[in-house]
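Peer 1: Dumping the structure here so I can ask a few things about it.
The values are calculated or read from the model by the stated rules, or taken from the named source; none is laboratory data. In this text, all values refer to a predicted model and were calculated from it rather than measured experimentally. Here the Cβ positions follow ideal geometry from the backbone for every residue, glycine too, while neighbour counts run over all protein chains shown. Side chains included, ligands, DNA and RNA excluded: accessible areas come from the protein's heavy atoms. Shrake-Rupley method; radii C 1.70, N 1.55, O 1.52, S 1.80 Å.
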Number of protein chains: 2
Amino acid sequence: MATTVEEQASLVRKLKEDPNFGPSHADTKAAIVSLKALKLANAPAGPPAKQKFSLKVPKGTKDWSDKDMILREKIFNTITRVFKSHGGVTIDTPVFELREILAGKYGEDSKLIYDLKDQGGEICSLRYDLTVPFARWLAMNTNIEKIKRYHIAKVYRRDQPAMTKGRMREFYQCDFDVAGQYDSMVPDAEVLRILVEILNALEIKDFTIKLNHRKILDGIFEICGVPEDKIRTISSAVDKLDKSPWSEVRKEMIEEKQLEPAVADKIGEYVVLNGDETLLSKLQGDDKLSSNKRAAEGMSDMATLFTYLRALDVLPRIKFDLSLARGLDYYTGLIYEAVTPLSSGKVLQTNETKKQVDADADRSEDDSVGVGSIAAGGRYDNLVGMFTGKKTGIPCVGISIGVERVFSLLKARETAARNNETEVFVMAIGKTGLLEDRMRVCTELWAAGIKTEFLYKKKPNLRQQFDAAEKGGVPVGVILGEQEIQDGTVKIKPLGTGESNEGETVKRSEMVGKIRQLLTSLDG
Amino acid sequence: MATTVEEQASLVRKLKEDPNFGPSHADTKAAIVSLKALKLANAPAGPPAKQKFSLKVPKGTKDWSDKDMILREKIFNTITRVFKSHGGVTIDTPVFELREILAGKYGEDSKLIYDLKDQGGEICSLRYDLTVPFARWLAMNTNIEKIKRYHIAKVYRRDQPAMTKGRMREFYQCDFDVAGQYDSMVPDAEVLRILVEILNALEIKDFTIKLNHRKILDGIFEICGVPEDKIRTISSAVDKLDKSPWSEVRKEMIEEKQLEPAVADKIGEYVVLNGDETLLSKLQGDDKLSSNKRAAEGMSDMATLFTYLRALDVLPRIKFDLSLARGLDYYTGLIYEAVTPLSSGKVLQTNETKKQVDADADRSEDDSVGVGSIAAGGRYDNLVGMFTGKKTGIPCVGISIGVERVFSLLKARETAARNNETEVFVMAIGKTGLLEDRMRVCTELWAAGIKTEFLYKKKPNLRQQFDAAEKGGVPVGVILGEQEIQDGTVKIKPLGTGESNEGETVKRSEMVGKIRQLLTSLDG
């Protein structure tokens, strides 16, 4: 990489002169931008020259603050509590990985990965999810054969954003995964229990968990006559059934993916099926499907799972849905996603021509876009093995909760809350302002673990101080005057009560105790 | 950007053919790597071909898990508690910013910024600190005139790593900043109080907070005869005095930065000075310095500050140190950093020739590298104005705590702790394993908010279950047998006591209450 202004300028000249790299070419543009940045960075300090630049965050990202931030932290705390309640321990991995670690894990979605620029050294990309980094971590830490790990962190996807619906390019995932060799479907069932506990704790209304099994799906494709090398791509097409009608998906299978129409029609008979446990009995009665090895394994897993889901009181939320396919390559068994009535957008008319859309444009106003699934996951038994190179890696099953989408559902019914936790505001009466005395009182309160503020003004009047305290919703005031300083006392007064009393005078040595009492009584 | 394998392959061919872009050229290399990645991403799914790749994290980054993770979370919680105790509210900004937002803010360190690849669309870089994004946020949110905000998040620097000393390329910063127009030095003093409270709460031994003032420093440079356009670069040289002796720094000033030797020598007389408040009186008695406008303003600020630091009981930790300069461009007033005896490495011999070092190599074993400052900050009154374009932006002062460096100090005296919080382990006696009954008991306990685990095995023996519970340090066991199921009871037994009693039999309806009692008594 060019590191000096001169080197970069020379690179830009070369790029401009080369017929293959005209000024409209992206590489040339990037080089020019770098040159400008380098010039700026190397410019002598002092008052900055007037620059033209956009004062904004990158597309698909946003700042979080104030009450949104408090709601988001509340969501994190609820999720963390449930994760810990099931024995979860947490890990943290870097936000970027060596690019080769991510390669070949995400199927058609790989094009959405953010790459870091090659600045000399390793080639890296921002993580696309928390699952592949977890598998990489397991493969590196060979002493760990089993773990229940949770991880709450940001992931990155260069997807078309719809911000107010929680579809973003930078977003948090909250993942819980169970790694290790266990008896069939036991951890899978607990992961679904965890999901239900979290969505209940967050008071998400009317959610449903759609279940399917990759082996049943693959068995269906097999008996319908899908060639082995087309199974994953046909599976991706099926996954679009939550947004598009069957006629559209069928068209994609035949026209884009060159499937025989008769094969597509047979698939169509299966993937429209959904229901409760009884659907499983129905499928088990289908001789052709039952005699397919993969499908039979999948159906046996499902039967075991339904037994456990009953014991774990999860069954009422479950819908067995053969149209659920999940896009990612790495799933090998059970797959699931949680949806609400707001998950899917309005279905587009089948005869509507697809509009050419700007991939950077926000689609929040597009009615065909819903908030999507609010959580999703499944079993992936071979991902760790892809890193260790061993045939049998560590089998895993997990769930990922999309916090931004949950947030967009909860924000509508958010109740107003304070945005800070300050308990005491220390004020002065009189013309001198008593700044150093206020500081000394604050210092005593901080030392006692009491959350305290004061006004950053040498000589504030009492009104200003009351206003600042009440604006912040602070429950207790401590008031100082010359007389109190002389007497070694302070006045303590509950705030926001509308009462105009002067407060109670207490000795400085009793101040902390009195305030603690008052805070407890106000809490109750 | 090329998005298909064919387009990328054609780009690689062009680059290889072009004499200016031989295969050793970084752009060519990057294009070849992209081609490989595209090929991989577009490869048909199914069992992956055997790949050669390094199973590791990018240089300068690390995974966190187990007891390290618990210690780190404890540090975060302590810091957050103190931030909130002073009225702090939190915000979150994207991990990458438009590149132009970061340009021209970091002086010589700009070369350490990580850039994202241009994949079409906006040009972005990973954030280098949390201060510039905060200033950008303030500039965008014009309704906010004052705020005490804290932000705990990862930042990125392509610096030479020394992992075990907490010098990393991806690391957490914990920032507290006060923005707004206030009476002089009041928020500055509280920020220093916050720093002292945090380092005390973390039980960091023997820390010192070095203070200086940019205006005093600039005044010194001015009266010594440093040309105005060299002030920032000479300031950067002075900043190296914590690692290098004066003779080295003097050499850099004269040889690299073309300063007159006589000017350098005059600077040398000032920057070796450090001490307590009395140093300020000494400087105030220096007629030449006192008659310099900038220096006089700085000294007046310092006098005010010392008064407040006394009221806030912070003074014993303070050292006024004229050699402290801080590298970043954006500071305009008070600057400070917290150091411990382990902060600086051993000073290199002055006659030692500088070794050519590999920038990617880890320097953990290099004795000349210390853990560095564990916290640093200062006042930056013009940064927000650089974004709004207005002359008077929002003045700010803040502190940034380097958690990884704090971590490396605390890890040495870390005491063993459990790595999970599980309270109850549910087990079965007998050959049938009672898996669904165990699940039902767990479900009751989870519903009651009790952290519970069970063994993911259909028919485990009692030994396996006790081992799993005791390995995890779980304090209470709930034991089920056929008899208990029939009677509607369970056995409850404290674990890890060494006692071999069978436990207490209680009714299922009383189980939750009994366990809560037991957990409370074990806590006490």
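Peer 1: Shortest first, in nm, what separates the label point of residue A:521 from those of the same position in the other copies (7 Å along Cα→Cβ)?
Peer 2: 3.6
Peer 1: What is the Cα centroid distance between segment B:391-412 and segment B:490-513, reported in whole angstrom?
Peer 2: So the two Cα centres are separated by 48 Å.
Peer 1: Counting only other chains, and only Cβ atoms inside 10 Å, what mean value do you get across the residues of B:172-182?
Peer 2: 1
Peer 1: Here is a follow-up. Label residue B:411 and residue B:141 with points 7 Å out from Cα along Cα→Cβ: what is the distance between them in nm?
Peer 2: 3.5 nm
Peer 1: Let me ask something additional. Rounded if a/c is under 1.5, else prolate if a/b is larger than b/c, else oblate: which is segment A:424-523, with a ≥ b ≥ c the root eigenvalues of its Cα gyration tensor?
Peer 2: Rounded, since a/c falls under 1.5.
Peer 1: Distance in nm between label sites at residue A:265 and residue B:55, each 7 Å beyond Cα in the beta-carbon direction?
Peer 2: Taking the simple label geometry, residue A:265 and residue B:55 are separated by 5.0 nm.
Peer 1: In addition: Given a 1.4 Å probe and every protein chain left where it sits, what share in percent of the accessible area of segment A:424-523 is carbon and sulfur?
Peer 2: 48 percent
Peer 1: Report, for residue B:319, each distance to the same residue's label point in the other copies, shortest first and in nm; define the point 7 Å along Cα→Cβ.
Peer 2: Result for residue B:319, in nm, nearest copy first: 6.7.
Peer 1: Can I ask one more? Would you please put A:234-243, A:91-100, B:428-437, B:458-467 in order of how densely packed they are, using the mean number of other Cβ atoms within 10 angstrom per residue and starting with the highest?
Peer 2: A:91-100, A:234-243, B:428-437, B:458-467
Peer 1: Arrange the peptides B:172-178, B:513-519 so that the one whose residues have, on average, the most other Cβ atoms within 10 Å appears first.
Peer 2: My ranking of the peptides, most packed first, is B:172-178, B:513-519.
Peer 1: What order, most packed first, do the peptides B:284-294, B:476-486 have when packing is the mean number of other Cβ atoms within 10 Å of each residue?
Peer 2: Most protected by this proxy first, the peptides run B:476-486, B:284-294.
Peer 1: Net charge around residue B:225, counting only other residues with Cβ within less than 14 Å of its Cβ (Lys, Arg = +1; Asp, Glu = -1)?
Peer 2: Cβ neighbours under 14 Å give a net charge of -3.
Peer 1: Evaluate E = 1/(1 + (r/R0)^6) for residue A:279 and residue B:508, where r is the Cβ-Cβ distance and R0 equals 35 Å; express this FRET efficiency to the nearest 0.05.
Peer 2: It comes out at approximately 0.55.
Peer 1: How many Cβ atoms of partner chains, on average, are near each residue of A:309-320 if near means within 10 Å of its Cβ?
Peer 2: 2
Peer 1: Please list the non-local residues whose amide H lies under 5 Å from the amide H of residue A:116, H modeled 1.01 Å from N, same-chain partners needing a gap of 5 or more.
Peer 2: A:124, A:125, A:126, B:117
Peer 1: Taking each label point as 7 Å beyond Cα in the direction of the beta carbon, state the distances from residue A:77 to the same residue in the other copies, shortest first, in nm.
Peer 2: Shortest to longest, the spacings are 1.3 nm.
Peer 1: Under the definition of partner shielding as Cβ atoms of other protein chains within 10 Å of a residue Cβ, what is the mean value for peptide B:60-68?
Peer 2: The per-residue average across the peptide is 5.
Peer 1: Moving on. Between chain A and chain B, with a rotation axis joining them, whose C-beta in A is nearest that axis, and what is the whole-Å distance?
Peer 2: Here the value is A:117, 2.
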